[in-house]
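Below is one structure, written out as structure tokens, with a few remarks after it.
The numbers here are math on the coordinates, done by the rules we state, and not lab data. Keep in mind it's a predicted model, so treat the numbers as computed, not measured. Cβ placement follows ideal geometry from the backbone for every residue including glycine, while neighbour counts extend to all protein chains displayed.
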Amino acid sequence: MKKISLIKHSKGAIGLRFFGLGPNLEPTNGLKKLQQLLDKNAFWAKNRTINDLKKCLANSDVIVSIWVGNEIVGFGRGLTDGIYRGVLWDIVIDENHQGKGFGTLVVNNLLSSEKIKKTKKIYLMTTNKKLFYSQFDFQEVSTQNLLIREI
């Protein structure tokens with residue numbers, strides 16, 4: 001059986017961004033593997049370039065990944081001002097590894113991180129996993145509207 005590793009990356013995920021590091025700080029071509037995880041498992045994250053992923057990671061406060069052996073099977077990140085507002089983004093579990101508790105592991109680690117855990121409101125958008133996120137006390141908000149500006 002392959003080893004399962006949870007990585008709580010440093011702010012900006014320097015090892016993953018610049019060196020493709022995975023479990024045990026070993027080079028695993030991790031950034032390319034992250035790109036493939038997103039392409040395969042998240043319709044809203046398809047076709048992200050390596051350069052854009054580097055920028056995305058560099059500007060994220062909290063980043064968590066889950067690995068089985070040298071393959072990334074789970075990912076999530078968060079941004080926050082540390083007190084009033086935070087947002088969880090890009091929570092993805094490989095379809096072949098769903099139902100094993102990996103999503104719960106990612107969300108719990110994001111929410112319990114030093115940077116996010118005292119934030120008063122945490123936002124999250126989901127298309128079809130509302131029931132999953134309800135176990136973490138996320139609730140649908142009908143009194144606000146989601147507005148998007150795309151460029």
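Tabulated values for the structure
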quantity: Simple spin-label estimate for K2 and Q135 in nanometres, 7 Å along Cα-Cβ; calculated: 2.3
quantity: Dipole of the chain, positive direction: furthest Cα of I148, S113, Y123, with charges on the beta-carbon; calculated: S113
quantity: Difference of contour (0.36 nm per residue) and Cα-Cα distance, T104 to N24; calculated: 26.6 nm
quantity: Under 15 Å, Cβ to Cβ, from V141 - net charge with Lys/Arg +1 and Asp/Glu -1; calculated: +2
quantity: Alpha-carbon Rg/Rh ratio, for the range 4-134, with Rh computed the Kirkwood way; calculated: 0.93
quantity: Residue-averaged 222 nm ellipticity for the chain, from DSSP H runs of 4+ at -39500 (n - 2.57), nearest 500; calculated: -7500 deg cm²/dmol
quantity: Chymotrypsin sites (Phe, Trp or Tyr not before Pro) within the range 91-151: DSSP coil, no more than 16 neighbouring Cβ in 10 Å; calculated: F136
quantity: The range 61-151 - charge dipole about Cα centre, Lys and Arg +1 at Cβ, Asp and Glu -1, debye rounded to 20; calculated: 380
quantity: Net dipole in debye of the range 4-134 [+1 Lys, Arg Cβ; -1 Asp, Glu Cβ; about Cα centre; nearest 20]; calculated: 420
